[in-house]
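Worksheet: one structure, shown below.
The values are calculated or read from the model by the stated rules, or taken from the named source; none is laboratory data. All of these numbers come straight from a predicted model, not from anything done at the bench. Glycine also receives a Cβ, built like all others from the backbone with ideal geometry; neighbour counts cover every protein chain displayed.
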Amino acid sequence: MTTDLTLSGLRDVPASDVSNSRKDFTSDQEVRWCPGCGDYIVLAAVQSFLPSLGLKRENIVFVSGIGCSSRFPYYLDTFGLHSIHGRAPAIATGLATSRPDLNVWVVTGDGDALSIGGNHLIHAMRRNVNITILLFNNRIYGLTKGQYSPTSEPGKITKSTPAGSVDFPFNPVSLALGAEATFVARTLDSDRAHLTEVLLAAASHRGTALVEIYQNCPIFNDGAFDVLKDKEEAAARLVRLGHGETVRIGDREWIHDAHAENPSQAFEISRLDDGSMAHVPVGIFRQVSRPTYDDQVREQIRQAKSGEAEADLAGLLAGRDSWTVED
Amino acid sequence: MVKQVEQLEQVVIRFAGDSGDGMQLTGDRFTQETASFGNDLSTLPNFPAEIRAPAGTLPGVSSFQLHFADHDILTPGDTPHVLVAMNPAALRANVSDLEPGATVIVDNHDFTSRNLKKAGYAENPLEDGSLDAFQVHAFDLTALTVGSVEAFGLSRRDAARAKNMFSLGLLSWLYGRPVESTRTYLAKRFADKPSIRDANLAAFHAGWYFGETTEGFAVSYEIKPAPMRAGSYRNISGNLALSYGLVAAGVQSGLPVFLGAYPITPASDILHELSKHKQFGVMTFQAEDEIAGIGAALGASYGGSLGVTTTSGPGIALKSETIGLAISLELPLVVVDVQRGGPSTGLPTKTEQSDLLQAMFGRNGEAPLPIVAPRSPGDCFDAALEAARIAVSYRTPVMLLSDGYLANGSEPWQLPDVDSLPLIEPGFATGPNHETETGDHRFWPYQRDPQTLARPWAIPGTAGLEHRIGGLEKADGHGNISYEPANHDLMVRTRQAKVDRVADTIPPVEVDDPDCDADLLVLGWGSTYGPIGAGCRRVRQKGLSIAQAHLRHLNPFPGNLGDVLRRYDKVIVPEMNLGQLALLLRAKYLVDVEGYNQVRGMPFAPSELEGVLTTTLKEMSS
């Protein structure tokens with residue numbers, strides 16, 4: 001099977017007649033994150049980037065779960081649904097499957113997506129529903145005030161782990177690849193250009209796109225990604241992935257093939273970071289084409305409607321074994 | 001040999017065998033033959049949760065009871081007049097339900113010492129005189145079947161599997177059933193396996209001729225068709241009628257139906273059924289779990305579909321948080337609970353009415369929702385339409401409480417005239433609904449209809465309606481997050497008032513009191529309608545007066561219910577739980593209703609209710 005990436009995730013979403021600006025995507029609600037939160041930067045990037053998609057604003061929907069990042073939809077002047085903890089991918093699945101004309105986003109965090117909502121996340125990815133998932137990973141529980149999360153490093157001392165966490169963390173990119181995701185990327189809140197580039201590719205992808213965004217929590221886990229933000233350190237540690245481009249780590253080098261059908265290479269790359277952040281790959285790990293769940297569901301409906309069986313309610317109710325009682 | 005034909009008014013037959021013996025299929029076919037003959041009928045399938053429990057053991061016994069008559073009947077009957085037992089375990093598991101004089105037809109093929117022991121018999125009951133009270137017909141049905149299909153070159157095992165069709169043929173002869181529908185069915189079912197098809201047909205015919213020729217059966221029986229209102233009928237089970245009601249709700253509302261569901265007994269058949277009706281635009285989503293099932297349904301409702309989720313009690317427990325979200329978002333959603341025995345995994349294949357309080361109160365916060373319950377298999381159609389009407393009109397999740405007995409039981413159903421089915425008006429929001437002080441036109445998602453208190457259904461894709469809502473408390477009107485004490489109090493009371501106002505659009509509860517002088521009222525809900533009705537008829541046949549009323553709406557109650565309850569000296573509420581409706585009635589109306597309760601996983605027997613009601617009437621008069 002060859003990868004056909006020309007099928008845009010935005011194919012069925014109507015284009016806007018007017019050109020929108022960042023201001024058009026900004027709601028009238030006061031943003032209520034803590035000062036210095038990485039979420040502000042991501043919000044600004046999304047508000048600035050959305051107009052470039054050229055879509056009707058009313059056909060864009062942001063669905064979120066629970067957590068700091070899940071307040072995101074309130075601040076965008078699109079349709080927004082702030083749901084319950086962990087369930088956003090399930091809700092988005094129903095919405096995207098029944099409404100191909102919508103551009104559906106899921107905004108979630110490491111606790112929401114990987115802990116309470118882990119099941120929905122993996123199943124959305126394997127089904128390949130046409131949604132874009134932004135996973136804000138700050139490696140801590142913020143809204144509940146500072147417990148360790150499923151991406152916190154082992155030994156982490158938090159309110160609920162005074163003697164250090166003994167949980168082993170998930171690597172969200174490895175998890176997504178293992179769950180058969182067709183688009184997996186990682187980026188950082190602090191790198192606006194890279195973030196925007198990845199968001200554009202993710203939104204255009206037909207199928208589930210998972211974007212992990214390293215995001216700083218200045219209150220409960222400040223500086224978690226500082227080593228990737230210092231210019232010199234970042235140059236040494238960040239491994240920037242580009243499809244078809246050469247990747248070099250020490251004396252190893254290879255051509256990155258994000259379109260490879262087999263996810264093994266992408267998975268291997270996802271393991272470059274052993275937790276020490278000595279080598280942190282960012283960019284698009286995998287971007288392949290696979291029929292989406294929602295397209296196939298709608299195709300079955302289309303075929304049934306154009307087939308022989310009529311949508312005849314009276315005929316359905318009567319069935320094949322009815323009888324008549326005369327007066 | 002010309003045999004005598006005896007007239008009967010009604011018969012109750014129970015087919016019983018191993019869960020692999022095809023008893024449910026046998027029962028279904030006999031039911032179909034009986035329905036097309038024109039008898040009134042009611043069925044009770046009863047099977048274990050295990051797909052194939054160890055063969056020949058009591059836990060593996062599966063049975064199907066069918067009551068048919070030349071008059072209007074309401075239940076699958078009390079005790080079987082005829083028991084067909086395919087092995088020792090089937091005999092032992094069911095014989096205690098028979099009254100003296102009953103007919104027992106037994107396949108004696110497996111009455112070997114090993115199999116008798118497996119079934120818990122120390123002695124062979126066919127030989128020890130323990131069945132003397134019954135008319136026993138013991139034959140080696142297995143050997144007769146194998147002999148009748150010899151020509152088709154099947155393995156002995158496959159040949160023996162046709163014995164259910166042999167017994168169906170025998171019973172079809174005994175009760176003069178039309179056989180054409182079974183022939184057609186077998187021809188179609190096994191169209192791609194000609195030898196199996198022919199063997200089943202041969203066994204079916206052999207069973208018929210066996211009845212006709214053997215001296216063991218001296219008479220056959222005739223049960224005349226029951227007089228029924230003119231019209232077209234079919235036989236229908238509750239799960240099928242409920243599925244059709246949902247398809248009809250989609251047609252009548254013009255909304256695509258979106259079912260999000262996770263397989264669970266006894267609700268899975270609704271998922272299976274709806275997955276067949278894509279030509280109606282029905283989408284079915286088999287979710288990763290119960291929570292995703294309702295989540296996807298709610299997401300589809302948000303997008304303008306008629307979202308539906310189907311489950312049983314344990315699934316409702318998992319869906320509770322999302323039901324609360326739907327209440328807070330005020331979006332239409334139909335939540336179907338096909339109740340089964342609980343708590344926890346409980347009795348997956350048995351019936352119970354014990355989720356009423358879960359439906360009423362099983363959520364955090366003040367989270368009211370309307371509750372609707374069907375009373376018979378065919379009534380599941382109307383109840384599903386009614387649930388959808390309320391959900392769409394009031395922008396609310398609605399709980400539809402069916403149960404295992406309704407789901408799998410069947411009855412003749414008069415086909416509705418589709419042109420006269422009620423229309424459901426989605427009434428999507430199309431533009432701004434609020435003018436600010438400065439003259440700007442805005443869309444306010446929580447601006448309400450003054451009549452129903454329903455909020456606008458504003459679906460994505462509609463320009464100018466962009467808004468953000470969620471599970472956090474919203475300000476009245478504009479719907480932005482609000483933690484204001486007075487606003488929360490207002491919103492909690494408004495959500496309750498909205499559900500209460502559903503009562504404005506539901507009919508008053510009707511009381512059936514033919515003599516108009518009853519002092520005792522029997523009030524029920526859900527699937528107890530049949531047994532209560534049959535019990536009341538018997539009480540009245542004794543010359544006693546009794547009133548019966550049955551609730552379709554459990555929340556809110558019909559407006560006249562309090563007056564009705566206070567009109568009677570005594571009110572009895574039979575329920576297959578420990579008194580859940582009784583608790584609600586006592587709390588709301590301060591009326592001293594009395595419960596009659598059983599939780600055996602089986603519907604009430606009419607004779608049981610007849611006894612209870614008669615005793616109560618005697619106590620009241622003394």
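Among residues of region B:418-450 being free of Cβ contacts under 8 Å to residues at least 24 places away in the same chain and closer than 20 Å to residue B:327 by Cα, the one that is nearest to the other protein chains (Cβ to nearest Cβ) is B:449. Can you confirm whether region B:366-374 contains a residue that is of a type outside the set (A, V, I, L, M, F, W, C), buried (at least 24 other Cβ atoms within 10 Å of the Cβ) and under 20 Å from residue B:331 (Cβ atoms)? Yes, region B:366-374 contains a residue that is of a type outside the set (A, V, I, L, M, F, W, C), buried (at least 24 other Cβ atoms within 10 Å of the Cβ) and under 20 Å from residue B:331 (Cβ atoms). Can you pull out every residue in region B:18-40 that is away from chain A (no Cβ under 14 Å), at pLDDT 90 or above and surrounded by fewer than 21 Cβ atoms within 10 Å (Cβ to Cβ)? Hits for region B:18-40 are B:24, B:25.
The condition (being surrounded by fewer than 24 Cβ atoms within 10 Å (Cβ to Cβ) and in contact with a helix residue (DSSP H, G or I) (Cβ under 8 Å, 6 or more places away or on another chain)) is satisfied by just one residue among B:342, B:324, B:315: B:342.
Would you confirm, using the coordinates I've provided, whether residue A:164 is more than 14 Å from chain B (Cβ to nearest Cβ) and either in a loop (DSSP other than H, G, I, E, B) or free of Cβ contacts under 8 Å to residues at least 24 places away in the same chain (or both)? So residue A:164 fits the description; yes.
Taking the numbered list (1) more than 23 Å from residue A:91 (Cα to Cα); (2) surrounded by fewer than 19 Cβ atoms within 10 Å (Cβ to Cβ) in turn, residue B:443 passes all entries but (2).
Residue B:140 passes every criterion in (1) closer than 16 Å to residue B:211 by Cβ; (2) charged (D, E, K, R); (3) touching a Ser or Thr at 6+ places or on another chain (Cβ under 7 Å) apart from (3).
Only residues that are of a type in the set (S, T, N, Q), buried (at least 24 other Cβ atoms within 10 Å of the Cβ) and part of a helix (DSSP H, G or I) were counted across region B:510-556, and they come to 2. Checking each residue in region A:44-56 for being of a type outside the set (Phe, Trp, Tyr) and touching a Leu at 6+ places or on another chain (Cβ under 8 Å) picks out A:45, A:46, A:47, A:50, A:52, A:53, A:55. Is it the case that residue B:410 is crowded, with 24+ Cβ neighbours inside 10 Å, in contact with a Cys (Cβ under 7 Å, 6 or more places away or on another chain) and closer than 15 Å to residue B:244 by Cα? When the stated conditions are applied, residue B:410 does not pass them. In the set B:369, B:423, B:385, B:401, only one residue is part of a loop (DSSP other than H, G, I, E, B), within 26 Å of the chain's Cα centre (by Cα) and under 30 Å from residue B:349 (Cβ atoms); that residue is B:369.
Of B:115, B:94, all but one fail to be in contact with a Pro (Cβ under 6 Å, 6 or more places away or on another chain) and part of a helix (DSSP H, G or I); the exception is B:115. Look at residue B:526 and say whether it is of a type outside the set (Ser, Thr, Tyr) and away from chain A (no Cβ under 14 Å). So residue B:526 fits the description; yes. Where helices (runs of 4 or more DSSP H) sit wholly within region B:179-296, those with at least 3 residues that are out of contact with any helix residue (DSSP H, G or I) (no Cβ under 7 Å at 6 or more places or on another chain) and over 30 Å from residue A:90 (Cβ atoms) occupy B:180-189, B:194-213. Within the span defined as region B:32-45, every residue fails to be touching a Gly at 6+ places or on another chain (Cβ under 9 Å) and assigned to a loop (DSSP other than H, G, I, E, B). Restricting attention to region B:557-578, the residues being within 22 Å of the chain's Cα centre (by Cα), assigned to a loop (DSSP other than H, G, I, E, B) and surrounded by 18 or more Cβ atoms within 10 Å (Cβ to Cβ) number 3. Candidates in region A:282-298 are the residues that are within 21 Å of the chain's Cα centre (by Cα) and aliphatic (A, V, I, L, M); of these, the one that is nearest to the other protein chains (Cβ to nearest Cβ) is A:288. Among the residues of region A:124-177, which ones are closer than 19 Å to residue A:219 by Cβ, of a type in the set (S, T, N, Q) and touching a helix residue (DSSP H, G or I) at 6+ places or on another chain (Cβ under 6 Å)? Those that are closer than 19 Å to residue A:219 by Cβ, of a type in the set (S, T, N, Q) and touching a helix residue (DSSP H, G or I) at 6+ places or on another chain (Cβ under 6 Å): A:137, A:149, A:151. Within region B:300-347, restricting attention to residues that are more than 17 Å from residue A:83 (Cα to Cα), of a type in the set (A, V, I, L, M) and not in a helix (DSSP H, G or I), which residue is farthest from the other protein chains (Cβ to nearest Cβ)? Restricting to residues being more than 17 Å from residue A:83 (Cα to Cα), of a type in the set (A, V, I, L, M) and not in a helix (DSSP H, G or I), the top hit is B:347.
Which one of B:237, B:232, B:243, B:268 is under 30 Å from the mean Cα position of the chain (by Cα), closer than 30 Å to residue B:309 by Cβ, surrounded by fewer than 24 Cβ atoms within 10 Å (Cβ to Cβ) and of a type outside the set (A, V, I, L, M)? Residue meeting the stated conditions: B:268. Considering region A:299-327, the residues that are basic (Lys, Arg) and more than 8 Å from chain B (Cβ to nearest Cβ) include one that is nearest to the chain's Cα centre (by Cα), namely A:302.
For region B:180-202, a residue qualifies if it is surrounded by 17 or more Cβ atoms within 10 Å (Cβ to Cβ) and under 17 Å from residue B:33 (Cα atoms), and the qualifying residues are B:181, B:182, B:185, B:186, B:200, B:201.
The single condition from (1) of a type outside the set (Ser, Thr, Tyr); (2) out of contact with any His (no Cβ under 9 Å at 6 or more places or on another chain); (3) over 30 Å from residue A:228 (Cα atoms) that residue A:79 fails is (2).
Could you check, for region B:388-395, whether at least one of its residues is in contact with a helix residue (DSSP H, G or I) (Cβ under 9 Å, 6 or more places away or on another chain) and of a type in the set (Phe, Trp, Tyr)? So far as region B:388-395 goes, yes, one or more of its residues are in contact with a helix residue (DSSP H, G or I) (Cβ under 9 Å, 6 or more places away or on another chain) and of a type in the set (Phe, Trp, Tyr).
Looking only at region B:480-495, decide whether some residue is within 14 Å of another protein chain (Cβ to nearest Cβ) and among the hydrophobic types (A, V, I, L, M, F, W, C). The answer is yes, given that some residue of region B:480-495 is within 14 Å of another protein chain (Cβ to nearest Cβ) and among the hydrophobic types (A, V, I, L, M, F, W, C).
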